[in-house]
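Note sheet for the following structure.
Just so you know, all these numbers are worked out from the coordinates, no wet-lab data involved. Because the structure is predicted, anything quoted here is derived from the model rather than measured. All Cβ positions, glycine included, derive from the backbone under ideal geometry; neighbour counts span all protein chains shown.
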Amino acid sequence: MLKSAQELGKVSCHICAQVSSIEKHVCGRCHSDLHSRKTNSVQRCIALLFASVIAYIPANVWPIMVITQLGVTEGSTILGGVAIFWQMKAYPIATVIFIASVLIPGLKIIALIWLCALAKGLVKMSPKSANKIYWLTELVGRWSMVDVFVVAILVALIQMGNLMSIEPGPAAVSFILMVVLTMLAAHSFDPRIIWDRVRITSSS
Amino acid sequence: MNFLHRQTWPRLRDEGHEVACHFCDSLHEVELIEEGQSASCNTCNTLLYRNRPQSLERAVAFGLSGALFFIGMLALPFITLDAQGSATTVSMVETVVRLWLQGGRTIAITVLAFIFVLPLTILFSLLYICIPLSRGKTLPGVQLVGYLFQVIQPWIMVEVFFLGTMVSLLKLMKLADVSMGFGFWSMIALMLSLAASVSGIDRIELWDRIEVALARKDQEDAAVEGGVEC
Ligand SMILES: [Zn+2]
Ligand SMILES: [Zn+2]
């Protein structure tokens with residue numbers, strides 16, 4: 001295993017990747033602040049995850065849109081929408097929505113909690129697998145927003161007076177919040193602390 | 001300057017140039033690689049940098065086409081919905097306005113931010129940096145714009161909106177005849193242009209080029225001042 005920049009008294013800029021001496025606080029090339037590790041990354045990540053869980057529950061329980069059809073008003077939750085597509089035999093769409101809206105945010109929260117535990121040394125896993133998990137959580141985060149955009153298009157287009165109209169439901173806001181919070185949680189985590197722990201244990 | 005075969009990345013030749021893996025922080029000496037090749041971390045195998053062929057030209061060309069398709073996406077008809085003889089055609093701008101009027105203000109702001117403002121900022125910042133760089137120059141505030149370009153990238157959601165459109169099409173098809181307009185096709189083209197322009201140039205190469213251009217400007221300024229004094 002190669003020595004880390006930190007061990008060699010150096011710090012890499014998170015914006016322009018220039019390597020400077022660890023004593024410097026501002027990057028000479030792009031003028032951003034230099035941090036050898038993201039500040040309080042585990043605490044921040046856990047706090048943001050906690051907030052995401054609080055948003056995750058109403059996002060899935062409350063209706064994401066409210067449909068008024070011939071005078072009858074009815075709420076539609078995300079899982080309800082998945083069930084409708086499933087009954088229509090539109091299996092790929094049902095699967096896509098279920099994965100993007102329910103599975104990805106849920107798994108992402110669990111994965112980040114696991115990575116935080118790993119960074120604190122509470123659990124064990126090869127750091128390379130941890131890298132893969134972290135890479136995935138960063139990659140898939142945005143895709144959870146898909147159902148919000150579906151609601152956006154349906155609300156904007158289906159305004160047929162008394163025949164049928166769609167309004168956004170209360171879950172829409174909690175859903176957007178949840179996606180943004182999980183994305184922020186993933187960004188605030190620093191995978192290098194997992195490797196720091198590996199370096200310490202392998203050298204001692 | 002004599003470059004390696006088709007080698008135009010300026011600082012790749014410098015000795016003692018270092019790069020740290022952003023996953024495991026392993027420190028590497030920058031290795032000279034040919035265009036089209038990439039270098040990975042020796043410890044964890046994460047990609048460190050890629051030497052893209054014609055990087056600046058690519059970033060500029062796809063950035064410009066992206067800007068064009070962006071305007072197309074906003075202004076041209078996006079979807080036409082034909083329910084029992086009454087047809088509705090909306091552009092993306094109208095979609096957001098209707099969304100706002102229907103009480104979906106938070107969703108309207110979300111679409112505005114992730115589909116309009118941030119992609120436009122990415123395209124603008126890329127062009128602001130790369131067009132002058134292709135002549136070895138920089139514009140004022142290049143560091144700030146470069147910073148924006150870097151931090152905004154994870155928040156671009158045009159392709160997610162595209163998937164959302166496909167899903168809503170299937171819902172809408174039950175209710176009415178749906179047809180897609182040029183705004184929709186522009187969005188697909190924008191999505192591809194964005195991906196191609198952003199990945200067209202490696203982040204380290206971009207900053208190396210900015211650094212070289214800034215250093216040259218300082219030299220020229222110093223030379224001019226020296227000339228005045230004489
Ligand atoms: Zn920097
Ligand atoms: Zn690495």
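Would you tell me the mean number of C-beta atoms belonging to other protein chains that fall within 10 Å of each C-beta in B:105-113, as a whole number?
Working: counts 2, 8, 14, 4, 1, 10, 6, 0, 1.
Going residue by residue through B:105-113 and averaging, the value is 5.
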Straight-distance crosslink candidates among lysines, where the alpha carbon sits under 16 Å from B:Lys174 and sequence neighbours closer than 8 are dropped: A:Lys89
Net charge, A:Ile176 excluded, C-beta distance under 15 Å - Lys, Arg +1, Asp, Glu -1: +1
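For chain B, return all DSSP H helices satisfying: extent of Cα atoms along own axis at least 27 Å; mean Kyte-Doolittle hydropathy at least -0.5.
Qualifying helices, which must be both long enough and hydrophobic enough, are B:55-75.
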Cross-link reach list, aspartates and glutamates versus A:Lys108, counting only Cα pairs under 14 Å and skipping chain neighbours closer than eight places: A:Glu138
Selected from B:Pro140, A:Val96, B:Val97, residue furthest toward positive end of dipole (the protein assembly as shown; charges at beta carbon): A:Val96
Backbone N within the range A:1-28 under 17 Å of label point (7 Å from B:Asn42 Cα along the Cβ vector): A:1-10
Test item: A:14-24 mean partner chain Cβ contacts at 10 Å: 5
Label-to-label distance, nm, for residues given as A:Met1 and B:Ala222 (7 Å Cα→Cβ offset): 4.3
Qualifying lysines (Cα of each under 24 Å from Cα of A:Lys24; at least 8 residues distant if same chain): A:Lys3, A:Lys10, A:Lys38
Cut-off under 5 Å, modelled amide H: who pairs with A:Ser36 long-range: none
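Under the definition of partner shielding as Cβ atoms of other protein chains within 10 Å of a residue Cβ, what is the mean value for peptide B:65-74?
Per-residue shielding by partner chains comes out at 0.
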